[in-house]
Amino acid sequence: MLYSSAEEWRKAPHKRVLFFGMSGLGKTYISNILRGAGSWFHYSIDYRIGTRYMGEYIADNAKAEAMKVPFLRDLLLSDSIYIGSNISFENLTPVASYLGKPGDPAKGGLAMQEYTRRQDQFRTAELNALRDTGYFIDRAARLYDYPNFICDTGGSICEWVDANDPGDPLLTELAKNTLMVWIKGDEAHTQELIRRFDRAPKPMAYEPAFLTRVWQEYLKENTLSEADVDPDSFIRWTYAQALAHRQPRYAAMAEKWGVTVTADQISTIRTEADFTDVIAGALEARG
């Protein structure tokens, strides 16, 4: 690992960390605290995806919808209006909206063929954004003179890597450049995430084999055709399974490539010094 001991971590003139885990457990919360401390560069994978790698897809999708409205169509064709997404660290809705949900078009669903096409686009975009981590570490120091660096990943990072493969190319690269930190939730956190998701279902990205399995299971168990699926019902049904699917993957990433801190520990952090102490404790616990 990048830091072999708590002492090495505390003394390091350049601290570089990568947070991973389910969305909603504190990755962005702690990233904002560190960014606010003034010496940390915050690299958001989801923001990079939405601006660099999927920005054109997102804008073109919005334009396609606008072209269905005669008034907007005329303005677009005459270059009288501009359509783009207003992505920020706090507002990643354009990415989620583009990913969409499979099911009945009358309820806002996508055909599964189109849904999987967009899933594949997202997978490619996320892998590219993760591979850009080293570039942004260098850029943050060289261009902006930031000594410290945070990589704030999306919840789907575990879908695209094999933590049990000691030669996994992406994990090898990330571990070389950052201390990988799993923010782990307990059962209470899991239930709260499920309740939160049930109130406001959001699109997610899944490993293709997992998505194929749960889609076929859902259609069979509910005796539905693709066009009859309620998009929100499907992704609600899938979410709890996705949490269970991802948990052992996160655990393997932490065991073999990084350290673990709990969501409760993260929630107590108020300052950069607090964070330094929590990570030092995780390194000591790892031994």
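The values are calculated or read from the model by the stated rules, or taken from the named source; none is laboratory data. All of these numbers come straight from a predicted model, not from anything done at the bench. Only protein heavy atoms, including side chains, enter the accessible area calculation; ligands, DNA and RNA are left aside. Shrake-Rupley method; radii C 1.70, N 1.55, O 1.52, S 1.80 Å.
List of remarks:
- Solvent exposure ordering (accessible area, 1.4 Å, most first) of W257, W9: W257, W9
- Per-residue SASA entry for R196, accessible area with 1.4 Å probe, Å² rounded to 10: 100 Å²
- Separation of alpha-carbon centers, segment 64-87 and segment 104-177, rounded to whole Å: 30 Å
- Gyration tensor over alpha-carbon atoms, segment 3-101, equivalent ellipsoid semi-axes in Å: 40, 13, 10
- For segment 116-128, putting each phi into the Karplus relation 6.51 cos²θ - 1.76 cosθ + 1.60 with θ = phi - 60° gives couplings of 5, 4, 6, 4, 5, 4, 5, 4, 4, 5, 5, 4, 5 Hz, in residue order, rounded to whole numbers and with x for Gly and Pro.
- Full extension of the chain segment joining E90 with E255 gains 56.4 nm, where the gain is 0.36 nm per residue of separation less the Cα-Cα distance.
- Accessible surface, segment 11-90, averaged per residue in Å² (probe 1.4 Å): 54 Å²
- Shown are T276, T116, T93, T223, whose ranking by accessible area with a 1.4 Å probe and every protein chain present, most to least, is T223, T93, T116, T276.
- Remark: for residue pairs K63/K220; K15/K202; K63/K101; K101/K184; K63/K107, the C-alpha separation exceeds 30 Å in K63/K220; K15/K202.
- For segment 159-166, Karplus couplings with θ = phi - 60° (6.51, -1.76, 1.60), whole Hz, Gly/Pro x: 6, 10, 10, 10, 5, 7, 9, x
- Listed residues G21, G108, G185, most fluctuating in the chain (Gaussian network, C-alpha, under 10 Å): G108
- Distance distribution note for the chain: the fraction of Cα pairs above 37 angstrom is 19%.
- Shape of segment 183-287, Cα gyration tensor, a/c cut at 1.5: prolate
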